[in-house]
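Undergrad: Please find one structure pasted underneath; my questions will follow.
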Amino acid sequence: AGTHPFLYDHGTLLDLGTLGGELDYAVAINAAGLAVGMSYLSGAAFPVGLLWDGGALRDLNTLIDPASGWTVRGATDINDAGWIVGYGTQDGINTRALLLQPLAAVPEPGTLALIGIGAWLTGRHRRAPA
């Protein structure tokens with residue numbers, strides 16, 4: 001049951017698997033064949049970011065330091081260097097854009113680290129110029 005992400009390659013569909021959720025999907029792939037997306041796990045209120053590394057589908061939260069306080073909620077793109085952009089929450093509040101960069105050479109995804117925070121997605125409002 002549930003929705004699985006697929007990779008279409010030269011007339012062949014490859015099922016990327018599932019994290020056990022009700023809805024898993026990939027949204028971007030790089031030249032090395034790494035794919036990123038989101039998974040809505042059964043009973044969870046929010047999605048988690050996912051990474052497919054050519055053999056396994058992984059929750060991105062298992063690849064970052066838990067002491068950082070960050071929870072990756074979705075991954076929206078990955079470049080050929082393996083840098084992943086997405087969004088998440090820190091300490092459970094304020095959704096923000098984030099950037100994950102691998103510590104090891106691509107395609108080793110097992111050592112992703114949070115290196116930067118992009119623009120705030122929510123929680124801040126700009127004042128109009130007077």
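The values are calculated or read from the model by the stated rules, or taken from the named source; none is laboratory data. On a predicted model such as this, the values are computed, not experimentally measured, just so you know. Reconstructed Cβ throughout: ideal geometry from the backbone, glycine too, with neighbour counts over all protein chains shown. All accessible areas refer to the heavy atoms of the entire protein, side chains included, with ligands and DNA or RNA removed. Shrake-Rupley method; radii C 1.70, N 1.55, O 1.52, S 1.80 Å.
Undergrad: Please report, as a whole percent, how much of the solvent-accessible surface of segment 6-70 comes from carbon and sulfur atoms (probe radius 1.4 Å).
TA: 58 percent
Undergrad: In segment 1-50, what is the volume of the convex hull around the alpha carbon atoms, normalised per residue and reported in Å³?
TA: Per-residue hull volume (Cα only) is 67 Å³.
Undergrad: If you count only protein heavy atoms with a 1.4 Å probe, what accessible area per residue comes out for segment 1-100, rounded to a whole Å²?
TA: 49 Å²
Undergrad: Now for a different question. Rounded, prolate or oblate: which fits segment 1-107 when a ≥ b ≥ c are the square roots of the eigenvalues of the alpha-carbon gyration tensor, with rounded for a/c under 1.5 and prolate only if a/b beats b/c?
TA: oblate
Undergrad: Let's test the formula: R0 of 22 Å, r as the Cβ-Cβ distance of Asp91 and Ala44. What FRET efficiency results, to the nearest 0.05?
TA: Approximately 0.80, to the nearest 0.05.
Undergrad: Ok, one more. Would you calculate the volume per residue, in Å³, of the smallest convex hull containing every Cα atom of segment 24-68?
TA: Taking only Cα atoms, segment 24-68 has a hull volume of 88 Å³ per residue.
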